[in-house]
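Here the structure is laid out as structure tokens; the discussion comes afterwards.
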Amino acid sequence: MAKASKAYGVEPGHPPYRLRQARYPALAEDVAQFARQLHDREGRRVDLLDVGVGDGVSRRYIEIHPGSENIDFHAADRYPHGLAGVYKNQLWQHHPMDAEEGLPQLESNRYDIVICEQVLERLHNTEHAMSELSRVLRPGGLLVVGVPIFPHGLHLIRKHLVPICDRLVNRRPRPHVQAFSKRKFLKLLTRKCDIDVRTTRGFRIVSGGLLRPLEYCRWWWQLNRRVGSVLPSLCVEIQVVATKRDAVPPSACHEAPARRREAPARRREAPARRAA
């Protein structure tokens, strides 16, 4: 039955409201709206970069929305399975690279929109990768980043204790080398990226197992989406939507110290005027 259906009407092989894919309709709405507004305001095409593009699934969801026709899609990935598996691969501009090493081949302040979904938890040098996402994003640009999370405190068990247990039982290393809570991830992201967070939403607070048949019901997806917006820290994954702050003009950097130097002088002048 799942093979004959499409997740959210666009992705074949999944139930219509598969919660594991719910991150993509959410980001697609924000991306398309941002692209539409930017195009209307500046009259130019919009550059989007998907870091860790995988099979290009993000494009399936974005392209059904008005405004997506003004987007030029760029992809950065190691492409372990080649380009053939990327959705509409000939319509992407591909940048082969390993996010573990950053994005050194890409220009600073180059892209209007940067997406990085389900990638950072697989990297050892997460903070450097975050800085690179911010570097290539234009001031005022849109950043969408998603990672799996654990309740705060339990993420430390997953990060430090679970790998020890895996080694004791001779289990292969897990692909996720990082473990975040919502609090920890937001703290890292806002420290390494010059951004203002617009929203943080969660997905999959309850899913899978005996509840999987409910993924054929629209109300179940809507309920999970609503709960995820209210209690993102209790969900299996979160998605952060942010905008990069505008660069501070050099003149403003020089004006602030000058104003601080002028303030004591004005305070010294005030008693003199009263005495006069």
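Nothing in this text is a laboratory measurement; each read-out follows from the coordinates by a stated rule. Please read all numbers here as calculations on a predicted model, not as lab measurements. Reconstructed Cβ throughout: ideal geometry from the backbone, glycine too, with neighbour counts over all protein chains shown.
Gln178 sits among other residues whose Cβ lies under 11 Å from its own Cβ, and their net charge, with Lys and Arg +1 and Asp and Glu -1, is +3.
Take the Cα of Val206, step 7 Å toward its Cβ, do the same at Asn125, and the gap between the two points is 4.3 nm.
Using the Cβ of Ser131 as centre and a radius below 10 Å, the other residues enclosed give a net charge of 0, where K and R count +1 and D and E count -1. Any idea what % of Cα-Cα pairs in the range 2-248 are farther than 30 Å? Beyond 30 Å sits 26 percent of the P(r) for the range 2-248.
Given only helices, namely DSSP H runs of n ≥ 4 each adding -39500 (n - 2.57), what is the per-residue ellipticity at 222 nm of the chain, to the nearest 500 deg cm²/dmol?
Details: 7 runs with 94 residues, N = 276.
Per the formula, -11000 deg cm²/dmol.
Using Cβ point charges alone (K and R +1, D and E -1), the dipole size of the chain about the Cα centre works out to roughly 1300 debye.
Ranked by Cβ crowding within 10 angstrom, fewest neighbours first, how are Ser108, Ser58 ordered?
Details: Ser108 11, Ser58 24.
Lowest to highest Cβ neighbour count: Ser108, Ser58.
The local environment of Gly140, defined by Cβ-Cβ distances under 11 Å, has a net charge of 0 under the rule Lys, Arg +1 and Asp, Glu -1.
Placing unit charges on each Cβ (+1 for Lys and Arg, -1 for Asp and Glu) gives the range 10-158 a dipole about its Cα centre, and among Leu156, Ser131, Tyr111 the Cα reaching farthest toward its positive end belongs to Leu156.
With both partners inside the chain, how many of the DSSP beta bridges are antiparallel, as a percent to the nearest 5?
Working: 17 of 37 bridges.
About 45 percent, rounded to the nearest 5.
With the charge dipole of the range 2-248 set up from +1 on Lys and Arg Cβ and -1 on Asp and Glu Cβ about the Cα centre, the Cα lying farthest toward the positive end among the listed residues Pro25, Pro15, Leu223 is that of Leu223. In the chain, the longest principal axis of the Cα atoms and the axis of helix 250-275 are about 40 degrees apart. Kirkwood radius and radius of gyration were both taken over the C-alpha atoms of the range 2-136, and their ratio Rg/Rh is 0.96.
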